[in-house]
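Asks: Take a look at the following structure, please.
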Amino acid sequence: MEHTAHDRPRQQRLGYRLLTAIVLASACLALLVTALQLYIDYRRELAAIEDKLAQVERTSLDSLANSVWSFDDTQIRLQLNGLLQLRDVRYVEVQIDGEQGIEAGTKPEGATLTRGYLLRHNDAKRTVLGTLTVIVALDGVYRRLIETGQVILIAETAKTFFVSLFILLIVSRWVTRPLGAMAKYAQSLSLDRLGATFVLPRRSAAMPDELDHVAQALNEMSRSLALEVERRAVARAERAALYDAYEKSRDLMQAIIDNTTALIYVKDLDGRYLLVNQRYRNLFTGGRDIIGQTVEEVFPGDLAAAYRANDRRVIEADAPVESEESAMQPDGLHTYLSLKFPLRAADGATFAVCNISTDITERKRAEERIRFLAQHDSLTGLPNRLVFRDRVNQAIAHARRDGHRIAVLFIDIDRFKHINDSLGHQAGDLLLKEAATRLQKCLRQGDSVARLGGDEFVINLPGLSTDGDAMQVAGKVLESLRQPILVEHNELHVSCSIGISVFPDDGEDADALLRAADTAMYHAKDRGRNNFQYFTPQLNDMAQRRLSVANQLHQALQRGEFVLHYQPQVNLESGRVFATEALIRWQRANGVLTLPGEFIGIAEETGLIVPIGEWVLREACTQLARWHRDGHSFLRMAVNVSPQQFLRPGLPELVARLLEESGLAASALELEITEGVLMARSQENLASLEKLADMGVGLAIDDFGTGYSSLAYLQRFPIHSLKIDRSFVAGIGSDANDTALVTAIIAMAHSLRLTAVAEGVETAVQAAFLRERGCLGAQGFHFSRPVPAPELARVLGERIDTPQAA
């Protein structure tokens, strides 16, 4: 059956839209052309004006200057009127000596162009006689431009109109009418009219164009749809027969599978559900019956495509297929172990796919958790020592083959134990998590970081070309951890010490590199912390010595090998000793006197600093009591208290007991604490300090200026004095920054009504400067080195010469 359409469509929207687009495009183009032409004409007009003004400069200035020289008023006015004859020149004026002025014309309003020229006498010096001002009005230029623009726009509008009309006629005849006929044919298609032939409403062309191809495609589509409808009708009939046979056993099968814990369904080859048990409906469809629906009607697009792909694997394999499938449930993502197998009819042909799924979510989660815990740190999620060793050994194998170098960075957070002791382990855990995050951001591609335990981290840097690459990463780590960390409303300032070992120089396997890096890390701590150090063979000897010292410290405390030396604190105004600081020394059995810098750090690491500190307090109080009995009742004793000793509970009670045992007044004792103590666990610290202050014990901040304390802390805590760190005192007179800083600390102490004591005074210049600035307390080699108690007793009560201020 042929279908023809010769009626003109009532609406030709495509033609109108095309016409509108052409008109708009032409209008924009016309405006652009007009604007360009006007701009060119404008520039041409300005150029003409500039030429006229240049001509004035070349031809008229000298004659006008001669007239001004001769004071010929008539001639000047004639020449000015002559200039007014130039087009668009409206006003000219001659100023003589800045006072007398001759003008011609009227100053125009609106846009103008003004030029000024100097009138010079034609003598050797080119004497300036006055100025000539010429004002050109631009309103004539604008008027001529508007007239030109109107002509261009009228011409372009007429051209656009006729071109658009011609195009509309062509589009209407050759495009919109055939398209309208195609649309009418498509609207008339139905199941009864499938296969009807469509003919374009125009004379057949010798060479078919695109519209002919579309018409041919419509006819082919109509015939294909007719064949597909017929095929589907046959398929529906076959499916109906299958459903009838299946219904006979469906009820029995449904009762069985509804009482199983597994998820069971059967889908035909088109993905349509034939059988679903109750558990499957409850989990995936909310109890809704989905028999007869396709998988796309039940699940979202991506999930339905994945399920259909799994079913297709069973059909293509024509055998059972076991796989794991994931599905989102209200309580989270679940994993199912699914067994899919084909169902065959009596003739052996596959007609459906059966699925039996078991929920193995908990088993998978447990396996993943066990696997993760076996290989990662539970707090930070970083790989553990086992995984790290494996990665380092793999990197070593690659390095041996490629000739590259490997670096291992051993990182330890400085004074982390103080944070745990002061803020609690929860705050310490939060700090470790943040540190782990920052370390990961410092890595290059291919690097890895792990946590060994406590506050120790390690980084593996494979594929290094030079050792300097490890230095760059270590620098990034130091800078990253140096930034403030907010933990439970406390802003913590931490640092780290890093040891670096390099393959193959420092070890042939992961364990050797870790030991070398660990040794180098301890060397970094000895160098003041907050730095990195490379491993050297000498460090191995130092590590062995450190272990030996740690063992000997345990015995030294039991054998009574520790002694106290005392360094006097002098009043710079009177020259009298008013206090002394107790400083510990280790008098070994072989007679060697060891300074605290060689063993205090090890004592802090091993925890021996607490019993050693208690011994120092007891010995210092006992010695001070002797001096008081000998008549030096004015003398006070300063004792350093380590952060570990201070942060442990019971320090005020210990001090009270020792004062009672020795018979000393609390005012005779001064405890020196570091600024770091003020920054940790503020409430607990405040309580301890207030107890000590209420007892009458003096409190001083040692090495002031090297930590992070602020005026807020100094005002909040009951501090009595500040000890200016020796590093600042050493720069007095030679370093402007240190000099200014010492001056500021003294002034701040005075404003807060605190006593300032300068440490490390070694020269008369330093002592004179301190006295001049009002710091009357000082100690250092300039007055006396730390000496045993008998030697100090000889200077008590005597006057020590102190330099006068310059």
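Asks: Being within 15 Å of V134 (Cβ to Cβ), of a type in the set (S, T, Y) and either within 60 Å of the chain's Cα centre (by Cα) or not in a strand (DSSP E or B) (or both) is the filter here; which residues of segment 69-112 pass it?
Replies: Matches in segment 69-112: T106, T112.
Asks: Would it be correct to say that V163 is touching a strand residue (DSSP E or B) at 6+ places or on another chain (Cβ under 8 Å) and touching a residue at least 40 places away in the same chain (Cβ under 8 Å)?
Replies: No: the conditions fail for V163.
Asks: Further question: For residues in segment 376-401 being hydrophobic (A, V, I, L, M, F, W, C) and outside any helix (DSSP H, G or I), which is least open to solvent (accessible area, probe 1.4 Å)?
Replies: Pass one, segment 376-401, residues hydrophobic (A, V, I, L, M, F, W, C): 379, 382, 386-388, 392, 395-397, 399.
Narrowing the set further to residues that are outside any helix (DSSP H, G or I) leaves 379, 382.
On the way: L379: 43, L382: 2 Å².
Per the stated criteria, the residue is L382.
Asks: I've got another one for you. Would you check if there is a residue in segment 421-429 being hydroxyl-bearing (S, T, Y), over 21 Å from the mean Cα position of the chain (by Cα) and surrounded by 15 or more Cβ atoms within 10 Å (Cβ to Cβ)?
Replies: Filtering segment 421-429 for residues hydroxyl-bearing (S, T, Y) gives 422.
Now drop any that are not over 21 Å from the mean Cα position of the chain (by Cα), which leaves 422.
Adding the requirement that they be surrounded by 15 or more Cβ atoms within 10 Å (Cβ to Cβ) leaves 422.
Scanning segment 421-429, I find at least one residue that is hydroxyl-bearing (S, T, Y), over 21 Å from the mean Cα position of the chain (by Cα) and surrounded by 15 or more Cβ atoms within 10 Å (Cβ to Cβ), so the answer is yes.
Asks: I need the full set of residues from segment 162-217 which are charged (D, E, K, R) and either in contact with a Cys (Cβ under 6 Å, 6 or more places away or on another chain) or under 30 Å from E230 (Cα atoms) (or both), in order please.
Replies: Step one: list which residues in segment 162-217 are charged (D, E, K, R), which gives 173, 177, 184, 192-193, 202-203, 209-210, 212.
Residues satisfying the conditions are K184, D192, R193, D212.
Asks: Something else: Looking at (1) at pLDDT 90 or above; (2) within 23 Å of S378 (Cα to Cα), which is the only condition E488 fails?
Replies: Status for E488: all satisfied but (1).
Asks: Filter segment 656-668 down to the residues that are within 53 Å of the chain's Cα centre (by Cα) and either charged (D, E, K, R) or over 26 Å from V570 (Cβ atoms) (or both) and list them by number.
Replies: First, pick out the residues of segment 656-668 that are within 53 Å of the chain's Cα centre (by Cα): 656-658, 666-668.
Within segment 656-668, A656, R657, L658 meet the criteria.
Asks: Within segment 122-140, how many residues turn out to be loosely packed, with under 12 Cβ neighbours inside 10 Å and either within 60 Å of the chain's Cα centre (by Cα) or closer than 21 Å to A54 by Cα (or both)?
Replies: We begin by selecting, within segment 122-140, every residue loosely packed, with under 12 Cβ neighbours inside 10 Å; these are 122-126.
Within this subset, residues satisfying the condition of being either within 60 Å of the chain's Cα centre (by Cα) or closer than 21 Å to A54 by Cα (or both) are 122, 126.
Matching residues across segment 122-140 total 2.
Asks: So, in segment 581-594, of the ones that are among the aliphatic types (A, V, I, L, M) and more than 17 Å from V639 (Cβ to Cβ), which residue ends up most open to solvent (accessible area, probe 1.4 Å)?
Replies: A589
Asks: While we're on this one: Of all the residues that make up segment 479-509, how many are part of a strand (DSSP E or B) and within 22 Å of A524 (Cβ to Cβ)? Steps first, please.
Replies: Within segment 479-509, the first condition is being part of a strand (DSSP E or B), and the residues that meet it are 485-487, 490-492, 496-503.
Then drop every residue that is not within 22 Å of A524 (Cβ to Cβ), which leaves 485, 492, 496-503.
Counting residues in segment 479-509 that are part of a strand (DSSP E or B) and within 22 Å of A524 (Cβ to Cβ) gives 10.
Asks: Would you call D359 under 30 Å from H334 (Cβ atoms), in contact (Cβ under 8 Å) with a residue 60 or more places away in the chain and touching a Phe, Trp or Tyr at 6+ places or on another chain (Cβ under 7 Å)?
Replies: Values: under 30 Å from H334 (Cβ atoms): yes; in contact (Cβ under 8 Å) with a residue 60 or more places away in the chain: yes; touching a Phe, Trp or Tyr at 6+ places or on another chain (Cβ under 7 Å): yes.
So D359 passes the test.
Asks: Please go through segment 283-303 and pick out each residue that is within 13 Å of R272 (Cα to Cα) and without any contact (Cβ under 8 Å) to a residue 24 or more places away in the chain.
Replies: First, pick out the residues of segment 283-303 that are within 13 Å of R272 (Cα to Cα): 289-299.
Listed by number, the residues that qualify are D289, I290, I291, G292, Q293, E297, F299.
Asks: Applying the selection to segment 328-338, what residues are open to solvent by 60 Å² or more (accessible area, probe 1.4 Å) and either in contact (Cβ under 8 Å) with a residue 24 or more places away in the chain or in a strand (DSSP E or B) (or both)?
Replies: If we filter segment 328-338 for residues that are open to solvent by 60 Å² or more (accessible area, probe 1.4 Å), which is where we start, we get 328, 330-331, 333.
Residues satisfying the conditions are M328, L333.
Asks: Here are R143, R236, R177: which of them is outside any loop (DSSP other than H, G, I, E, B), closer than 30 Å to L83 by Cα and open to solvent by 50 Å² or more (accessible area, probe 1.4 Å)? Reasoning before the result, please.
Replies: Values: R236 fails: closer than 30 Å to L83 by Cα; R177 fails: closer than 30 Å to L83 by Cα.
Result of the check over R143, R236, R177: R143.
Asks: Right, next: Restricting to segment 247-274, name every residue that is part of a loop (DSSP other than H, G, I, E, B) and open to solvent by 90 Å² or more (accessible area, probe 1.4 Å).
Replies: First, pick out the residues of segment 247-274 that are part of a loop (DSSP other than H, G, I, E, B): 258-262, 269-271.
Once the filter is applied, which keeps residues that are part of a loop (DSSP other than H, G, I, E, B) and open to solvent by 90 Å² or more (accessible area, probe 1.4 Å), segment 247-274 yields N259, T261.
Asks: Quick check: anything in segment 359-368 in a helix (DSSP H, G or I), within 34 Å of the chain's Cα centre (by Cα) and surrounded by fewer than 17 Cβ atoms within 10 Å (Cβ to Cβ)?
Replies: Initial filter on segment 359-368 (in a helix (DSSP H, G or I)): 361-368.
Subsequent filtering for residues that are within 34 Å of the chain's Cα centre (by Cα) retains 365, 368.
Those left that are additionally surrounded by fewer than 17 Cβ atoms within 10 Å (Cβ to Cβ): 365, 368.
Among the residues of segment 359-368, at least one is in a helix (DSSP H, G or I), within 34 Å of the chain's Cα centre (by Cα) and surrounded by fewer than 17 Cβ atoms within 10 Å (Cβ to Cβ), which makes the answer yes.
Asks: Against the definition (polar (S, T, N, Q), surrounded by fewer than 15 Cβ atoms within 10 Å (Cβ to Cβ) and touching a residue at least 60 places away in the same chain (Cβ under 8 Å)), how does T157 come out, yes or no? It would help to see each step written out before you state the result.
Replies: Working: polar (S, T, N, Q): yes; surrounded by fewer than 15 Cβ atoms within 10 Å (Cβ to Cβ): yes; touching a residue at least 60 places away in the same chain (Cβ under 8 Å): yes.
So T157 passes the test.
Asks: Do the conditions hold for V473, that is, is it at pLDDT 90 or above, over 23 Å from E604 (Cα atoms) and over 22 Å from the mean Cα position of the chain (by Cα)? Explain how you work it out, then say what you get.
Replies: Numbers: at pLDDT 90 or above: yes; over 23 Å from E604 (Cα atoms): yes; over 22 Å from the mean Cα position of the chain (by Cα): no.
No: the conditions fail for V473.
Asks: In segment 38-60, is there at least one residue being at pLDDT 80 or above and in contact with a Ser or Thr (Cβ under 8 Å, 6 or more places away or on another chain)?
Replies: yes
Asks: Could you go through segment 481-497 and let me know if any residue there is farther than 29 Å from F646 by Cβ and open to solvent by 10 Å² or more (accessible area, probe 1.4 Å).
Replies: So the first thing to find is which residues in segment 481-497 are farther than 29 Å from F646 by Cβ, and the list is none.
For segment 481-497, residues farther than 29 Å from F646 by Cβ and open to solvent by 10 Å² or more (accessible area, probe 1.4 Å): absent.
Asks: How many residues does segment 402-419 hold that are open to solvent by less than 50 Å² (accessible area, probe 1.4 Å) and not in a strand (DSSP E or B)?
Replies: Total meeting the criteria: 4.
Asks: Could you give every pair whose Cβ atoms fall below 6 Å, whose first residue belongs to segment 716-733 and is within 17 Å of A764 (Cβ to Cβ), and whose second residue is open to solvent by 40 Å² or more (accessible area, probe 1.4 Å) and part of a helix (DSSP H, G or I), counting only separations of at least 6 or pairs across chains?
Replies: G733/V765
Asks: Ok, one more. Could you count how many residues in segment 183-213 are outside any loop (DSSP other than H, G, I, E, B), surrounded by 15 or more Cβ atoms within 10 Å (Cβ to Cβ) and either in contact with a Lys or Arg (Cβ under 9 Å, 6 or more places away or on another chain) or free of Cβ contacts under 8 Å to residues at least 40 places away in the same chain (or both)?
Replies: Going through segment 183-213 one residue at a time, the tally reaches 2.
Asks: Of the conditions (1) touching a strand residue (DSSP E or B) at 6+ places or on another chain (Cβ under 8 Å); (2) open to solvent by 60 Å² or more (accessible area, probe 1.4 Å), R716 clears all except one; give me its number.
Replies: In the conditions (1) touching a strand residue (DSSP E or B) at 6+ places or on another chain (Cβ under 8 Å); (2) open to solvent by 60 Å² or more (accessible area, probe 1.4 Å), R716 misses (1) alone.
Asks: Further question on the same structure: Grab the helices (runs of 4 or more DSSP H) fully contained in segment 276-327, keeping just those with 1 or more residues being at pLDDT 85 or above, over 28 Å from E362 (Cα atoms) and not small (G, A, S).
Replies: Details: elements: 278-284, 295-298, 301-317.
So the answer is 295-298, 301-317.
Asks: Still on this model: Among residues belonging to segment 441-455 that are open to solvent by 50 Å² or more (accessible area, probe 1.4 Å) and touching a residue at least 12 places away in the same chain (Cβ under 8 Å), point out the one that is farthest from L373 (Cα to Cα).
Replies: Top of the filtered list is R444.
Asks: Restricting the search to segment 633-650, which residues are of a type in the set (G, A, S) and either without any contact (Cβ under 8 Å) to a residue 24 or more places away in the chain or over 16 Å from W615 (Cβ atoms) (or both)? Lay out the reasoning, then the answer.
Replies: Of all residues in segment 633-650, those of a type in the set (G, A, S) come to 633, 638, 642, 650.
If the condition is that a residue be of a type in the set (G, A, S) and either without any contact (Cβ under 8 Å) to a residue 24 or more places away in the chain or over 16 Å from W615 (Cβ atoms) (or both), then S633, A638, G650 are the ones that fit.
Asks: Check whether at least one residue in segment 640-649 is closer than 23 Å to D414 by Cβ, at pLDDT 90 or above and not β-branched (V, I, T), and report yes or no.
Replies: Looking through segment 640-649, at least one residue is closer than 23 Å to D414 by Cβ, at pLDDT 90 or above and not β-branched (V, I, T).
The values are calculated or read from the model by the stated rules, or taken from the named source; none is laboratory data. Note that the structure is predicted; figures quoted are calculated from it, not measured. Methodologically, a virtual Cβ is constructed for each residue, glycine included, from the backbone with ideal geometry; neighbour enumeration extends over all protein chains shown. Keep in mind that these areas ignore ligands, DNA and RNA; they rest on the heavy atoms of the full protein, side chains included. Shrake-Rupley method; radii C 1.70, N 1.55, O 1.52, S 1.80 Å.
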